[in-house]
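The values are calculated or read from the model by the stated rules, or taken from the named source; none is laboratory data. Note that the coordinates shown come from a computational prediction; the quantities given were computed from them, not determined experimentally. Here Cβ is always computed from backbone atoms with ideal geometry, including for glycine, and neighbour counts include all displayed protein chains.
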Amino acid sequence: MNLRRLKYFVKIVDIGSLTQAAEVLHIAQPALSQQVATLEGELDQQLLIRTKRGVTPTEAGKILYTHARTILRQCEQAQLAVNSIGQTLRGQVAIGLAPGTSTSSLTMPLLQAVRNELPEVQVYLHENSGSVLNDKLLKGQLDMAVLYERSPLAGITSQPLLKEDLWLVGTCDCPGQSVDLLAVSEMNLLLPCDYSAVRARVDEAFSLRRLTAKIIGEIDSISTLTAAIASGMGVTVLPESAARSLCQAANGWMARIATPSMHLPLALNMSARGGLSPQAQAVKEILLSLVSRPSLENRELQLVS
């Protein structure tokens, strides 16, 4: 295998068409098909399934695609690391953010700090579910992802950042500064779908107390959830930073769930298969320095010991 064939193969899978990939790569389609055939011969495996609608990878092709992206990314990072010696860091750093993460406490300070300290570095933010973000990390499409800590995942390293308390948010009949889970069980709840870290923690708490949650709707969209809470339809449970943002937008109230107290650990995930580029490593260091600053601790975000 050589890097050029791997690059061709990745581009074909990304586009899903030999014809279109040939146009993007500025290579004749027969020549591109021959490169794929050579790669298949070297591996003694069929890598692509050709149909009238385009091409899709076989199981062997999917495995090669994942490794090829990692290999190509590592080669790019190696070149950047060598070229950046004694030079200003530049380039793009891709960061994933799971919905409900403490974006209000971390994202804006991070963007401002990167702009001040690394003016030639561009930060790309991608918001998606934790499972999708981890998949993109494994495929080399993201440098790092901030999400609520989950079970260990093969190929992913996870570094604890913060832990956030869960708060109840609503607009009608404020229960006070804190609320018991028993009282929450009597309210109409609007919660994320059951695959989210927030929902898993809420379900676990209700189960341990042998209570039944009165869930009247499942909403993943923050804008839709904000509108529903603002209408007085029900209440929701969110980590503090997300709760503060929704509370302000909906002109509502917040109450800490105190009995039992509940929190979610926030983590920084990265692929274990390859190191970070110089610019990504620099952004990571800025992020970790922001987490340790008192300004974040004062927002009720507690450092994970």
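Of the residues contained in segment 152-165, none is found to be small (Gly, Ala, Ser), closer than 13 Å to ILE257 by Cα and surrounded by 14 or more Cβ atoms within 10 Å (Cβ to Cβ). Scan segment 30-47 residue by residue and report those that are in a helix (DSSP H, G or I) and surrounded by 15 or more Cβ atoms within 10 Å (Cβ to Cβ). Within segment 30-47, LEU32, SER33, GLN35, VAL36, LEU39, GLU40 qualify. VAL55 meets the stated requirement of being surrounded by 14 or more Cβ atoms within 10 Å (Cβ to Cβ) and not in a helix (DSSP H, G or I). Pairs linking a residue in segment 183-202 that is farther than 18 Å from LEU147 by Cβ and outside the structural domain of PRO99 (by TED's automatic domain parsing) to a residue that is in a loop (DSSP other than H, G, I, E, B) and of a type in the set (S, T, N, Q), with Cβ atoms under 8 Å and 6 or more positions apart or on different chains, are SER185/THR212.
Residues in segment 199-254 that are out of contact with any helix residue (DSSP H, G or I) (no Cβ under 9 Å at 6 or more places or on another chain), under 16 Å from PRO99 (Cβ atoms) and acidic (Asp, Glu): ASP220 alone. Only one of the numbered conditions (1) in contact (Cβ under 8 Å) with a residue 40 or more places away in the chain; (2) closer than 23 Å to ASN134 by Cα is violated by ILE219, and that is (1).
For segment 4-29, taking the residues that are among the charged types (D, E, K, R) and under 24 Å from GLN74 (Cβ atoms), the one that is surrounded by the fewest Cβ atoms within 10 Å (Cβ to Cβ) is identified as ARG4.
Residues of segment 205-235 that are farther than 22 Å from SER261 by Cβ, surrounded by fewer than 16 Cβ atoms within 10 Å (Cβ to Cβ) and β-branched (Val, Ile, Thr): ILE216, THR224. All of SER196, SER207, SER231 fail the test of being touching a Ser or Thr at 6+ places or on another chain (Cβ under 9 Å), over 19 Å from CYS172 (Cα atoms) and polar (S, T, N, Q), apart from SER196.
Segment 139-225 holds strands (runs of 3 or more DSSP E) entirely within its bounds, and those carrying 2 or more residues that are over 17 Å from the mean Cα position of the chain (by Cα) map to 156-170, 178-180, 189-191, 215-218.
When the criteria are applied in full, ARG50 meets the requirement of being among the charged types (D, E, K, R) and either exposed (fewer than 14 other Cβ atoms within 10 Å of the Cβ) or assigned by TED's automatic domain parsing to the domain that holds ASP135 (or both). Taking segment 256-273 as the region of interest, how many residues are surrounded by fewer than 20 Cβ atoms within 10 Å (Cβ to Cβ) and under 17 Å from VAL179 (Cβ atoms)? Qualifying residue count for the region: 6.
Has segment 40-61 got any residue that is touching a Phe, Trp or Tyr at 6+ places or on another chain (Cβ under 7 Å), over 24 Å from LYS136 (Cα atoms) and modelled with pLDDT of 90 or more? Within segment 40-61, none of the residues are touching a Phe, Trp or Tyr at 6+ places or on another chain (Cβ under 7 Å), over 24 Å from LYS136 (Cα atoms) and modelled with pLDDT of 90 or more.
Kindly indicate which of PRO99, PRO119 is modelled with pLDDT of 85 or more, in the same structural domain as ALA154 (by TED's automatic domain parsing) and assigned to a loop (DSSP other than H, G, I, E, B).
Details: PRO99 fails: modelled with pLDDT of 85 or more.
When all the criteria are applied, what remains is PRO119.
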